[in-house]
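The values are calculated or read from the model by the stated rules, or taken from the named source; none is laboratory data. Bear in mind the structure is a predicted one, so any value in this text is a computation, not a measurement. Neighbour counts run over all protein chains shown; Cβ positions are idealised from the backbone, glycine included. Areas reflect the complete protein model, heavy atoms only, side chains present, ligands, DNA and RNA absent. Shrake-Rupley method; radii C 1.70, N 1.55, O 1.52, S 1.80 Å.
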Amino acid sequence: MTTSTVPEQGPAHGLAGSREILGSEGKEGLYTSVQARLDNAARALDLDPGIHAILRRPERELTVAVPVQMDDGSLVVFDGFRVQHSSVRGPCKGGIRYHPSVDLDETKALAALMTWKCSLVNIPFGGAKGAVRCDPSQMTRGELERVTRRYAVGIMPIIGPKNDIPAPDVNTGEQTMAWFMDTVSSMKGYTVLDTVTGKPVNVGGSLGRKESTGRGVAVIVGEILKANRKPVEGATVAIQGIGKVAIPAAQLLSSWGCKVVAVSDVSGGVYDPSGLDVPRLVVDLAERPGKLLADCFLSNCQRVTNEELLELQVDVLVPAAMENQITSANASAINAAFVVEGANGPTTPEADAILEYKGTTVVPDILANAGGVVVSYFEWVQGAQSYFWGADEVNNRLDEIMIRSFQDVLGTAGKQDASLRDAAYLLAVDRVARALTQRGIFP
Ligand code: NAD
(Lines give C-alpha, C1' and ligand atoms only; values in the text may rest on other atoms or scores of the structure.)
Protein backbone atom coordinates (compact mmCIF):
# COMPACT_ATOMS: atom_id res chain seq x y z
CA MET A 1 0.00 0.00 0.00
CA THR A 2 1.43 3.41 -0.87
CA THR A 3 0.98 6.41 1.34
CA SER A 4 -1.23 8.32 -1.13
CA THR A 5 -4.56 9.47 0.21
CA VAL A 6 -7.89 10.03 -1.51
CA PRO A 7 -8.40 13.41 -3.17
CA GLU A 8 -9.28 16.33 -0.95
CA GLN A 9 -12.85 16.70 0.20
CA GLY A 10 -15.09 19.51 -0.95
CA PRO A 11 -17.01 20.63 -3.97
CA ALA A 12 -14.18 21.63 -6.26
CA HIS A 13 -12.49 18.56 -7.77
CA GLY A 14 -10.98 19.41 -11.13
CA LEU A 15 -13.59 17.63 -13.21
CA ALA A 16 -16.56 18.46 -11.04
CA GLY A 17 -16.83 22.02 -12.31
CA SER A 18 -17.16 20.93 -15.92
CA ARG A 19 -19.31 17.90 -15.19
CA GLU A 20 -22.59 17.75 -17.01
CA ILE A 21 -25.33 16.21 -14.95
CA LEU A 22 -28.28 15.15 -17.02
CA GLY A 23 -31.60 14.13 -15.53
CA SER A 24 -30.62 10.56 -14.72
CA GLU A 25 -33.10 9.61 -12.04
CA GLY A 26 -36.11 8.97 -14.23
CA LYS A 27 -37.15 5.83 -16.10
CA GLU A 28 -34.04 5.74 -18.30
CA GLY A 29 -31.82 6.60 -15.29
CA LEU A 30 -28.97 4.15 -15.54
CA TYR A 31 -28.46 4.55 -19.29
CA THR A 32 -28.42 8.36 -18.98
CA SER A 33 -25.96 8.14 -16.05
CA VAL A 34 -23.55 5.86 -17.88
CA GLN A 35 -23.62 8.06 -21.00
CA ALA A 36 -23.11 11.22 -18.92
CA ARG A 37 -20.05 9.66 -17.26
CA LEU A 38 -18.59 8.75 -20.65
CA ASP A 39 -19.29 12.28 -21.91
CA ASN A 40 -17.48 13.80 -18.90
CA ALA A 41 -14.45 11.59 -19.49
CA ALA A 42 -14.50 12.36 -23.23
CA ARG A 43 -14.50 16.09 -22.47
CA ALA A 44 -11.65 15.79 -19.95
CA LEU A 45 -9.60 13.61 -22.34
CA ASP A 46 -10.37 15.93 -25.25
CA LEU A 47 -11.46 12.83 -27.16
CA ASP A 48 -11.87 12.95 -30.91
CA PRO A 49 -15.63 13.52 -31.53
CA GLY A 50 -15.79 10.55 -33.93
CA ILE A 51 -14.22 8.17 -31.39
CA HIS A 52 -16.57 9.55 -28.73
CA ALA A 53 -19.57 8.94 -31.01
CA ILE A 54 -18.48 5.31 -31.53
CA LEU A 55 -18.12 4.74 -27.77
CA ARG A 56 -21.61 6.17 -27.12
CA ARG A 57 -23.24 3.36 -29.13
CA PRO A 58 -23.26 -0.40 -28.61
CA GLU A 59 -21.72 -2.37 -31.49
CA ARG A 60 -24.70 -4.72 -31.58
CA GLU A 61 -28.14 -5.03 -29.93
CA LEU A 62 -30.21 -8.18 -30.20
CA THR A 63 -33.79 -8.65 -29.01
CA VAL A 64 -35.14 -12.20 -28.98
CA ALA A 65 -38.53 -13.73 -28.28
CA VAL A 66 -38.25 -16.50 -25.68
CA PRO A 67 -41.34 -18.75 -25.92
CA VAL A 68 -41.65 -21.09 -22.96
CA GLN A 69 -44.15 -23.75 -22.02
CA MET A 70 -45.08 -23.11 -18.39
CA ASP A 71 -45.85 -25.88 -15.91
CA ASP A 72 -49.60 -25.20 -16.15
CA GLY A 73 -49.49 -25.85 -19.90
CA SER A 74 -49.75 -22.19 -20.95
CA LEU A 75 -47.26 -20.65 -23.39
CA VAL A 76 -45.56 -17.41 -22.37
CA VAL A 77 -43.29 -15.38 -24.67
CA PHE A 78 -40.63 -13.53 -22.68
CA ASP A 79 -38.45 -10.70 -24.04
CA GLY A 80 -34.72 -11.44 -24.11
CA PHE A 81 -31.83 -9.09 -24.88
CA ARG A 82 -28.10 -9.32 -25.57
CA VAL A 83 -26.14 -6.12 -26.09
CA GLN A 84 -22.49 -6.06 -27.17
CA HIS A 85 -21.13 -2.62 -26.37
CA SER A 86 -17.51 -3.00 -27.43
CA SER A 87 -15.14 -5.70 -28.68
CA VAL A 88 -12.26 -3.30 -29.29
CA ARG A 89 -10.03 -4.74 -26.54
CA GLY A 90 -11.15 -8.38 -26.85
CA PRO A 91 -14.25 -10.60 -26.77
CA CYS A 92 -17.33 -9.02 -25.21
CA LYS A 93 -18.00 -10.10 -21.63
CA GLY A 94 -20.98 -9.60 -19.37
CA GLY A 95 -23.62 -11.23 -17.22
CA ILE A 96 -27.21 -12.28 -17.81
CA ARG A 97 -29.93 -10.76 -15.62
CA TYR A 98 -33.43 -12.11 -15.01
CA HIS A 99 -35.70 -9.36 -13.71
CA PRO A 100 -39.34 -8.30 -14.24
CA SER A 101 -38.46 -4.68 -15.06
CA VAL A 102 -35.32 -5.09 -17.16
CA ASP A 103 -35.41 -3.51 -20.63
CA LEU A 104 -33.13 -2.80 -23.57
CA ASP A 105 -31.89 0.56 -22.22
CA GLU A 106 -30.89 -0.98 -18.89
CA THR A 107 -29.10 -3.79 -20.76
CA LYS A 108 -27.29 -1.22 -22.94
CA ALA A 109 -26.16 0.70 -19.86
CA LEU A 110 -24.92 -2.45 -18.13
CA ALA A 111 -23.08 -3.53 -21.31
CA ALA A 112 -21.25 -0.19 -21.48
CA LEU A 113 -20.35 -0.45 -17.78
CA MET A 114 -18.73 -3.83 -18.57
CA THR A 115 -16.56 -2.23 -21.26
CA TRP A 116 -15.29 0.39 -18.82
CA LYS A 117 -14.83 -2.18 -16.02
CA CYS A 118 -12.78 -4.61 -18.14
CA SER A 119 -10.69 -1.76 -19.46
CA LEU A 120 -10.10 -0.29 -16.00
CA VAL A 121 -8.78 -3.56 -14.55
CA ASN A 122 -6.92 -4.10 -17.82
CA ILE A 123 -8.18 -7.53 -18.83
CA PRO A 124 -8.49 -8.31 -22.56
CA PHE A 125 -12.27 -8.12 -22.82
CA GLY A 126 -14.88 -5.71 -24.11
CA GLY A 127 -18.33 -5.28 -22.62
CA ALA A 128 -21.71 -6.96 -23.07
CA LYS A 129 -24.85 -7.72 -21.08
CA GLY A 130 -27.84 -9.98 -21.45
CA ALA A 131 -31.27 -10.07 -19.86
CA VAL A 132 -34.63 -11.79 -19.87
CA ARG A 133 -37.65 -9.86 -18.63
CA CYS A 134 -39.20 -12.39 -16.24
CA ASP A 135 -39.90 -12.77 -12.53
CA PRO A 136 -37.88 -15.75 -11.24
CA SER A 137 -39.55 -15.51 -7.81
CA GLN A 138 -42.81 -16.62 -9.51
CA MET A 139 -41.27 -19.40 -11.63
CA THR A 140 -40.44 -23.03 -10.97
CA ARG A 141 -37.02 -24.57 -11.50
CA GLY A 142 -38.28 -26.31 -14.66
CA GLU A 143 -39.65 -23.03 -16.09
CA LEU A 144 -36.35 -21.27 -15.36
CA GLU A 145 -34.41 -24.06 -17.05
CA ARG A 146 -36.59 -23.80 -20.18
CA VAL A 147 -36.27 -19.98 -20.25
CA THR A 148 -32.49 -20.33 -19.98
CA ARG A 149 -32.18 -22.98 -22.70
CA ARG A 150 -34.47 -21.13 -25.13
CA TYR A 151 -32.75 -17.77 -24.47
CA ALA A 152 -29.36 -19.45 -25.00
CA VAL A 153 -30.48 -20.71 -28.41
CA GLY A 154 -31.91 -17.26 -29.21
CA ILE A 155 -28.61 -15.45 -28.65
CA MET A 156 -26.32 -18.26 -29.90
CA PRO A 157 -25.80 -16.63 -33.34
CA ILE A 158 -23.86 -13.76 -31.72
CA ILE A 159 -22.07 -15.37 -28.75
CA GLY A 160 -19.09 -17.73 -28.45
CA PRO A 161 -15.76 -18.10 -26.62
CA LYS A 162 -14.03 -15.84 -29.14
CA ASN A 163 -16.65 -13.11 -29.44
CA ASP A 164 -18.98 -12.89 -26.41
CA ILE A 165 -18.92 -14.86 -23.16
CA PRO A 166 -21.96 -14.53 -20.81
CA ALA A 167 -21.88 -14.97 -17.00
CA PRO A 168 -24.32 -14.73 -14.06
CA ASP A 169 -25.88 -11.49 -12.80
CA VAL A 170 -28.99 -10.64 -10.77
CA ASN A 171 -31.23 -13.73 -10.28
CA THR A 172 -28.98 -16.05 -12.28
CA GLY A 173 -26.17 -18.23 -10.97
CA GLU A 174 -24.09 -21.37 -11.38
CA GLN A 175 -27.07 -23.56 -12.27
CA THR A 176 -28.19 -21.08 -14.96
CA MET A 177 -24.69 -21.17 -16.45
CA ALA A 178 -24.60 -25.00 -16.36
CA TRP A 179 -27.89 -25.14 -18.33
CA PHE A 180 -26.60 -22.48 -20.72
CA MET A 181 -23.31 -24.31 -21.35
CA ASP A 182 -25.13 -27.62 -21.79
CA THR A 183 -27.52 -26.08 -24.35
CA VAL A 184 -24.73 -24.54 -26.43
CA SER A 185 -22.69 -27.77 -26.16
CA SER A 186 -25.69 -29.90 -27.19
CA MET A 187 -26.29 -27.70 -30.24
CA LYS A 188 -22.59 -27.82 -31.21
CA GLY A 189 -22.21 -31.55 -30.60
CA TYR A 190 -19.25 -31.20 -28.23
CA THR A 191 -18.63 -29.65 -24.80
CA VAL A 192 -17.71 -25.96 -25.01
CA LEU A 193 -16.38 -25.14 -21.54
CA ASP A 194 -15.41 -21.56 -22.35
CA THR A 195 -18.83 -20.55 -23.71
CA VAL A 196 -19.91 -19.01 -20.35
CA THR A 197 -18.22 -18.31 -17.02
CA GLY A 198 -19.60 -18.63 -13.51
CA LYS A 199 -20.27 -22.36 -14.03
CA PRO A 200 -20.20 -24.91 -11.19
CA VAL A 201 -16.61 -26.06 -10.49
CA ASN A 202 -17.59 -29.62 -11.45
CA VAL A 203 -18.40 -28.58 -15.04
CA GLY A 204 -15.57 -26.21 -15.90
CA GLY A 205 -16.06 -23.47 -13.32
CA SER A 206 -13.13 -21.80 -11.57
CA LEU A 207 -12.40 -22.14 -7.90
CA GLY A 208 -13.05 -18.78 -6.29
CA ARG A 209 -15.44 -17.49 -8.99
CA LYS A 210 -18.54 -17.71 -6.78
CA GLU A 211 -16.97 -15.52 -4.11
CA SER A 212 -14.93 -13.33 -6.47
CA THR A 213 -17.11 -10.21 -6.79
CA GLY A 214 -17.65 -10.06 -3.03
CA ARG A 215 -13.98 -10.79 -2.40
CA GLY A 216 -13.02 -7.91 -4.70
CA VAL A 217 -15.46 -5.60 -2.89
CA ALA A 218 -13.95 -6.59 0.47
CA VAL A 219 -10.40 -6.00 -0.82
CA ILE A 220 -11.42 -2.52 -2.01
CA VAL A 221 -13.09 -1.73 1.34
CA GLY A 222 -9.79 -2.66 2.99
CA GLU A 223 -7.78 -0.54 0.53
CA ILE A 224 -9.92 2.60 0.88
CA LEU A 225 -9.74 2.37 4.67
CA LYS A 226 -5.97 1.86 4.61
CA ALA A 227 -5.51 4.72 2.11
CA ASN A 228 -7.27 6.96 4.62
CA ARG A 229 -5.26 5.56 7.53
CA LYS A 230 -8.32 4.01 9.13
CA PRO A 231 -8.04 0.56 10.74
CA VAL A 232 -9.84 -2.27 8.97
CA GLU A 233 -10.38 -4.07 12.25
CA GLY A 234 -13.40 -2.60 14.00
CA ALA A 235 -14.55 -0.57 10.97
CA THR A 236 -18.36 -0.55 10.75
CA VAL A 237 -19.93 -1.64 7.46
CA ALA A 238 -23.55 -1.65 6.26
CA ILE A 239 -24.34 -3.74 3.18
CA GLN A 240 -27.49 -3.35 1.09
CA GLY A 241 -28.29 -6.78 -0.37
CA ILE A 242 -27.53 -10.31 0.76
CA GLY A 243 -27.01 -12.05 -2.57
CA LYS A 244 -24.06 -13.34 -4.59
CA VAL A 245 -22.03 -10.15 -4.15
CA ALA A 246 -23.03 -9.22 -0.61
CA ILE A 247 -22.64 -12.61 1.12
CA PRO A 248 -18.94 -13.26 0.40
CA ALA A 249 -18.16 -9.57 1.00
CA ALA A 250 -19.86 -9.72 4.40
CA GLN A 251 -18.16 -13.03 5.27
CA LEU A 252 -14.68 -11.84 4.36
CA LEU A 253 -15.04 -8.41 6.01
CA SER A 254 -16.29 -9.91 9.24
CA SER A 255 -13.44 -12.49 9.15
CA TRP A 256 -11.02 -9.54 8.92
CA GLY A 257 -12.53 -8.02 12.09
CA CYS A 258 -14.85 -5.44 10.48
CA LYS A 259 -18.21 -5.02 12.18
CA VAL A 260 -20.84 -5.78 9.55
CA VAL A 261 -23.70 -4.03 11.32
CA ALA A 262 -26.47 -4.32 8.72
CA VAL A 263 -27.55 -6.27 5.64
CA SER A 264 -30.82 -6.26 3.70
CA ASP A 265 -32.79 -7.81 0.88
CA VAL A 266 -36.11 -7.15 -0.89
CA SER A 267 -37.91 -7.97 2.37
CA GLY A 268 -36.01 -5.34 4.43
CA GLY A 269 -32.90 -5.30 6.58
CA VAL A 270 -31.43 -6.33 9.93
CA TYR A 271 -29.21 -4.09 12.07
CA ASP A 272 -27.04 -4.78 15.10
CA PRO A 273 -24.75 -1.89 16.08
CA SER A 274 -22.38 -4.30 17.83
CA GLY A 275 -21.94 -6.32 14.61
CA LEU A 276 -24.03 -9.13 13.08
CA ASP A 277 -23.04 -12.76 13.47
CA VAL A 278 -22.48 -13.09 9.71
CA PRO A 279 -21.64 -16.84 9.53
CA ARG A 280 -24.79 -17.66 11.54
CA LEU A 281 -26.95 -15.30 9.53
CA VAL A 282 -25.83 -16.82 6.21
CA VAL A 283 -26.62 -20.37 7.41
CA ASP A 284 -29.97 -19.26 8.84
CA LEU A 285 -30.92 -17.47 5.60
CA ALA A 286 -30.07 -20.50 3.45
CA GLU A 287 -32.37 -22.67 5.57
CA ARG A 288 -35.44 -20.42 5.12
CA PRO A 289 -37.82 -21.61 2.37
CA GLY A 290 -38.05 -18.16 0.71
CA LYS A 291 -34.43 -17.32 1.64
CA LEU A 292 -35.58 -13.92 2.92
CA LEU A 293 -34.27 -11.94 5.90
CA ALA A 294 -37.85 -11.19 6.98
CA ASP A 295 -38.19 -14.90 7.88
CA CYS A 296 -34.93 -15.07 9.89
CA PHE A 297 -35.03 -14.91 13.68
CA LEU A 298 -31.92 -13.14 14.92
CA SER A 299 -31.59 -12.13 18.54
CA ASN A 300 -30.25 -8.60 19.26
CA CYS A 301 -31.20 -7.39 15.77
CA GLN A 302 -33.35 -4.42 14.93
CA ARG A 303 -35.39 -4.47 11.74
CA VAL A 304 -34.62 -1.62 9.34
CA THR A 305 -35.95 -0.69 5.93
CA ASN A 306 -33.62 -0.50 2.93
CA GLU A 307 -33.92 3.29 3.09
CA GLU A 308 -32.89 3.33 6.76
CA LEU A 309 -29.96 0.99 6.10
CA LEU A 310 -28.53 3.39 3.52
CA GLU A 311 -28.59 6.21 6.08
CA LEU A 312 -26.91 4.37 8.98
CA GLN A 313 -23.96 5.99 10.76
CA VAL A 314 -21.17 3.67 9.57
CA ASP A 315 -17.63 3.92 8.24
CA VAL A 316 -18.43 2.12 4.99
CA LEU A 317 -21.69 1.69 3.08
CA VAL A 318 -21.73 -1.06 0.43
CA PRO A 319 -24.79 -0.87 -1.83
CA ALA A 320 -24.77 -4.41 -3.32
CA ALA A 321 -28.35 -4.89 -4.54
CA MET A 322 -29.67 -2.82 -7.44
CA GLU A 323 -29.04 0.39 -9.41
CA ASN A 324 -30.31 3.90 -8.51
CA GLN A 325 -30.39 3.40 -4.72
CA ILE A 326 -28.54 6.60 -3.76
CA THR A 327 -30.24 9.50 -5.50
CA SER A 328 -30.73 13.25 -5.00
CA ALA A 329 -33.57 12.32 -2.63
CA ASN A 330 -31.39 10.57 -0.03
CA ALA A 331 -27.74 11.45 -0.79
CA SER A 332 -27.62 14.25 1.78
CA ALA A 333 -28.81 11.76 4.44
CA ILE A 334 -25.98 9.28 3.78
CA ASN A 335 -23.84 9.14 6.91
CA ALA A 336 -21.07 6.78 5.78
CA ALA A 337 -17.58 8.20 5.21
CA PHE A 338 -17.03 5.80 2.28
CA VAL A 339 -19.43 4.29 -0.23
CA VAL A 340 -18.04 1.21 -2.00
CA GLU A 341 -20.30 0.28 -4.91
CA GLY A 342 -20.85 -3.49 -4.93
CA ALA A 343 -23.86 -3.13 -7.26
CA ASN A 344 -23.76 -1.69 -10.76
CA GLY A 345 -24.93 1.92 -10.89
CA PRO A 346 -26.26 2.31 -7.32
CA THR A 347 -25.42 6.05 -7.21
CA THR A 348 -26.88 8.57 -9.67
CA PRO A 349 -24.75 11.47 -10.97
CA GLU A 350 -26.98 13.88 -9.03
CA ALA A 351 -26.24 11.94 -5.84
CA ASP A 352 -22.52 11.81 -6.72
CA ALA A 353 -22.41 15.61 -6.75
CA ILE A 354 -24.12 15.82 -3.35
CA LEU A 355 -21.83 13.18 -1.82
CA GLU A 356 -18.75 14.88 -3.23
CA TYR A 357 -19.87 18.18 -1.71
CA LYS A 358 -20.38 16.46 1.66
CA GLY A 359 -16.90 14.94 1.47
CA THR A 360 -18.11 11.35 1.15
CA THR A 361 -15.69 9.23 -0.88
CA VAL A 362 -17.36 6.97 -3.43
CA VAL A 363 -15.41 4.02 -4.86
CA PRO A 364 -17.13 3.43 -8.21
CA ASP A 365 -18.74 0.19 -9.37
CA ILE A 366 -16.39 -0.28 -12.32
CA LEU A 367 -13.56 -0.67 -9.81
CA ALA A 368 -15.23 -2.01 -6.67
CA ASN A 369 -17.22 -4.88 -8.21
CA ALA A 370 -14.72 -5.86 -10.92
CA GLY A 371 -13.60 -8.99 -9.03
CA GLY A 372 -16.28 -11.10 -10.69
CA VAL A 373 -15.20 -10.35 -14.23
CA VAL A 374 -11.53 -10.75 -13.29
CA VAL A 375 -12.13 -14.34 -12.11
CA SER A 376 -14.47 -14.88 -15.09
CA TYR A 377 -11.42 -14.02 -17.19
CA PHE A 378 -9.40 -16.60 -15.23
CA GLU A 379 -12.20 -19.15 -15.77
CA TRP A 380 -12.24 -18.48 -19.53
CA VAL A 381 -8.44 -18.88 -19.69
CA GLN A 382 -8.60 -22.12 -17.67
CA GLY A 383 -11.51 -23.49 -19.76
CA ALA A 384 -9.69 -22.73 -23.04
CA GLN A 385 -6.60 -24.59 -21.76
CA SER A 386 -8.54 -27.32 -19.88
CA TYR A 387 -6.07 -26.74 -17.06
CA PHE A 388 -7.45 -25.55 -13.72
CA TRP A 389 -5.73 -23.57 -10.98
CA GLY A 390 -5.89 -23.94 -7.18
CA ALA A 391 -7.98 -21.56 -5.07
CA ASP A 392 -4.95 -19.73 -3.65
CA GLU A 393 -3.62 -18.99 -7.13
CA VAL A 394 -7.01 -17.58 -8.20
CA ASN A 395 -7.43 -15.46 -5.06
CA ASN A 396 -3.85 -14.14 -5.05
CA ARG A 397 -4.04 -13.12 -8.71
CA LEU A 398 -7.45 -11.51 -8.08
CA ASP A 399 -6.21 -9.53 -5.06
CA GLU A 400 -3.18 -8.36 -7.05
CA ILE A 401 -5.33 -7.01 -9.91
CA MET A 402 -7.82 -5.34 -7.54
CA ILE A 403 -5.07 -3.61 -5.52
CA ARG A 404 -3.16 -2.54 -8.64
CA SER A 405 -6.35 -1.12 -10.19
CA PHE A 406 -7.21 0.70 -6.95
CA GLN A 407 -3.73 2.25 -6.90
CA ASP A 408 -4.08 3.29 -10.57
CA VAL A 409 -7.38 5.04 -9.81
CA LEU A 410 -6.09 6.65 -6.61
CA GLY A 411 -2.96 7.89 -8.40
CA THR A 412 -4.97 9.35 -11.31
CA ALA A 413 -7.44 10.98 -8.91
CA GLY A 414 -4.54 12.64 -7.10
CA LYS A 415 -2.85 13.81 -10.33
CA GLN A 416 -6.03 15.10 -11.99
CA ASP A 417 -7.68 16.46 -8.83
CA ALA A 418 -10.62 14.23 -9.71
CA SER A 419 -13.06 12.06 -7.81
CA LEU A 420 -12.34 8.33 -7.81
CA ARG A 421 -15.21 7.79 -10.27
CA ASP A 422 -13.97 10.43 -12.68
CA ALA A 423 -10.44 9.02 -12.39
CA ALA A 424 -11.69 5.48 -13.08
CA TYR A 425 -13.58 6.65 -16.18
CA LEU A 426 -10.56 8.64 -17.41
CA LEU A 427 -8.37 5.52 -17.25
CA ALA A 428 -10.99 3.18 -18.68
CA VAL A 429 -12.21 5.38 -21.54
CA ASP A 430 -8.68 6.40 -22.50
CA ARG A 431 -7.58 2.75 -22.84
CA VAL A 432 -10.54 1.84 -25.07
CA ALA A 433 -10.24 5.03 -27.14
CA ARG A 434 -6.52 4.41 -27.71
CA ALA A 435 -7.21 0.80 -28.74
CA LEU A 436 -9.84 2.03 -31.20
CA THR A 437 -7.46 4.59 -32.65
CA GLN A 438 -4.61 2.06 -32.91
CA ARG A 439 -6.82 -0.51 -34.66
CA GLY A 440 -8.32 2.11 -36.98
CA ILE A 441 -11.80 2.14 -38.46
CA PHE A 442 -12.69 -0.69 -40.85
CA PRO A 443 -12.81 -0.51 -43.84
P1 NAD B 1 -28.40 -11.44 -6.46
O2 NAD B 1 -29.65 -11.65 -7.21
O3 NAD B 1 -27.58 -12.60 -6.04
O4 NAD B 1 -28.68 -10.56 -5.13
C5 NAD B 1 -29.35 -9.34 -5.19
C6 NAD B 1 -29.69 -8.92 -3.76
O7 NAD B 1 -30.33 -7.65 -3.80
C8 NAD B 1 -30.64 -9.86 -3.05
O9 NAD B 1 -30.31 -9.92 -1.67
C10 NAD B 1 -32.00 -9.17 -3.24
O11 NAD B 1 -32.96 -9.52 -2.27
C12 NAD B 1 -31.59 -7.73 -3.13
N13 NAD B 1 -32.51 -6.81 -3.79
C14 NAD B 1 -33.06 -6.93 -5.02
N15 NAD B 1 -33.87 -5.88 -5.26
C16 NAD B 1 -33.81 -5.10 -4.18
C17 NAD B 1 -34.42 -3.88 -3.82
N18 NAD B 1 -35.26 -3.26 -4.66
N19 NAD B 1 -34.13 -3.36 -2.60
C20 NAD B 1 -33.29 -3.98 -1.77
N21 NAD B 1 -32.67 -5.14 -2.04
C22 NAD B 1 -32.95 -5.69 -3.23
O23 NAD B 1 -27.54 -10.44 -7.36
P24 NAD B 1 -25.98 -10.17 -7.28
O25 NAD B 1 -25.31 -11.02 -8.30
O26 NAD B 1 -25.53 -10.19 -5.88
O27 NAD B 1 -25.93 -8.69 -7.88
C28 NAD B 1 -26.12 -7.53 -7.06
C29 NAD B 1 -25.58 -6.32 -7.80
O30 NAD B 1 -24.18 -6.53 -8.08
C31 NAD B 1 -26.21 -6.05 -9.17
O32 NAD B 1 -26.20 -4.65 -9.39
C33 NAD B 1 -25.26 -6.73 -10.14
O34 NAD B 1 -25.34 -6.18 -11.45
C35 NAD B 1 -23.94 -6.40 -9.47
N36 NAD B 1 -22.82 -7.27 -9.85
C37 NAD B 1 -22.91 -8.63 -9.73
C38 NAD B 1 -21.81 -9.40 -10.06
C39 NAD B 1 -21.82 -10.91 -9.88
O40 NAD B 1 -20.75 -11.53 -10.11
N41 NAD B 1 -22.90 -11.51 -9.44
C42 NAD B 1 -20.64 -8.81 -10.56
C43 NAD B 1 -20.59 -7.42 -10.66
C44 NAD B 1 -21.69 -6.66 -10.29
(request) Filter the stretch 197-211 down to the residues that are within 15 Å of the ligand (Cβ to nearest atom) and assigned to a helix (DSSP H, G or I), then identify the one that is surrounded by the fewest Cβ atoms within 10 Å (Cβ to Cβ). (result) LYS210
(message) I'd like the full set of residues that are outside any helix (DSSP H, G or I) and crowded, with 19+ Cβ neighbours inside 10 Å, limited to the stretch 408-443.
(response) ALA418, SER419
(message) For a quick check of your reading of the model, give me the residue pairs whose first member lies in the stretch 317-328 and is near the ligand (Cβ under 10 Å from one of its atoms), whose second is open to solvent by 30 Å² or more (accessible area, probe 1.4 Å) and at pLDDT 95 or above, with beta-carbon atoms closer than 7 Å and at least 6 apart or on different chains.
(response) PRO319/GLN325; ALA320/VAL245
(request) State whether one or more residues within the stretch 80-94 are open to solvent by 30 Å² or more (accessible area, probe 1.4 Å), modelled with pLDDT of 95 or more and farther than 26 Å from ILE224 by Cα. (result) yes
(message) Quick check on the stretch 52-79: of everything there that is among the hydrophobic types (A, V, I, L, M, F, W, C) and open to solvent by less than 30 Å² (accessible area, probe 1.4 Å), which residue is farthest from ALA370 (Cα to Cα)?
(response) MET70
(message) Please verify whether ASP194 is away from the ligand (no atom under 16 Å from the Cβ), within 17 Å of TRP380 (Cα to Cα) and touching a Cys at 6+ places or on another chain (Cβ under 7 Å), treating the condition exactly as stated.
(response) no
(request) Of the conditions (1) within 20 Å of ASN228 (Cα to Cα); (2) open to solvent by 20 Å² or more (accessible area, probe 1.4 Å), GLU323 clears all except one; give me its number. (result) (1)
(message) Under 8 Å between Cβ atoms, which residue pairs at least 6 apart in sequence (or on different chains) link something in the stretch 180-196 that is open to solvent by 20 Å² or more (accessible area, probe 1.4 Å) with a partner that is of a type in the set (Phe, Trp, Tyr)?
(response) ASP194/TRP380
(request) Run GLY90 past the list (1) of a type in the set (Gly, Ala, Ser); (2) assigned to a loop (DSSP other than H, G, I, E, B); (3) under 15 Å from the mean Cα position of the chain (by Cα) and report the number of the one that doesn't hold. (result) (3)
(message) Condition first: open to solvent by 20 Å² or more (accessible area, probe 1.4 Å), farther than 15 Å from PRO91 by Cα and not hydrophobic (A, V, I, L, M, F, W, C). Now tell me which residues in the stretch 142-179 satisfy that.
(response) GLY142, GLU145, ARG146, ARG149, ARG150, GLY154, PRO168, ASP169, ASN171, GLU174, GLN175
(message) Test of understanding: among PRO67, PRO58, which residue is touching a helix residue (DSSP H, G or I) at 6+ places or on another chain (Cβ under 9 Å) and part of a loop (DSSP other than H, G, I, E, B)?
(response) PRO58
(message) Just the residues that are at negative phi and outside any helix (DSSP H, G or I), please, taken from the stretch 36-55.
(response) LEU47, ASP48
(request) Kindly check whether there is at least one residue in the stretch 125-134 that is within 17 Å of LYS162 (Cβ to Cβ) and surrounded by fewer than 24 Cβ atoms within 10 Å (Cβ to Cβ). (result) no
(message) Of the residues MET177, MET139, MET156, only one is within 13 Å of the ligand (Cβ to nearest atom) and among the hydrophobic types (A, V, I, L, M, F, W, C); which?
(response) MET177
(request) Only residues that are of a type in the set (D, E, K, R) and either within 9 Å of the ligand (Cβ to nearest atom) or touching a helix residue (DSSP H, G or I) at 6+ places or on another chain (Cβ under 6 Å) (or both): list them for the stretch 212-265, please. (result) ARG215, GLU223, LYS244, ASP265
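Give the stretch 102-127 a look and list any residue that's under 17 Å from THR32 (Cα atoms) and either touching a residue at least 60 places away in the same chain (Cβ under 8 Å) or assigned to a loop (DSSP other than H, G, I, E, B) (or both), or say none.
Of all residues in the stretch 102-127, those under 17 Å from THR32 (Cα atoms) come to 102-116.
VAL102, ASP103, ASP105, GLU106, LYS108, ALA109, LEU110, ALA112, LEU113, MET114, THR115, TRP116, listed by residue number.
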(request) Might you check whether a residue that is outside any helix (DSSP H, G or I), buried (at least 17 other Cβ atoms within 10 Å of the Cβ) and out of contact with any helix residue (DSSP H, G or I) (no Cβ under 7 Å at 6 or more places or on another chain) occurs anywhere in the stretch 284-301? (result) yes
(request) Could you tell me which numbered condition GLU400 fails, if it satisfies all but one of (1) surrounded by 17 or more Cβ atoms within 10 Å (Cβ to Cβ); (2) under 19 Å from the mean Cα position of the chain (by Cα)? (result) (1)
(request) State whether the residues of the stretch 367-390 include one that is open to solvent by 10 Å² or more (accessible area, probe 1.4 Å), over 25 Å from VAL121 (Cα atoms), more than 13 Å from the ligand (Cβ to nearest atom) and in contact (Cβ under 8 Å) with a residue 40 or more places away in the chain. (result) no
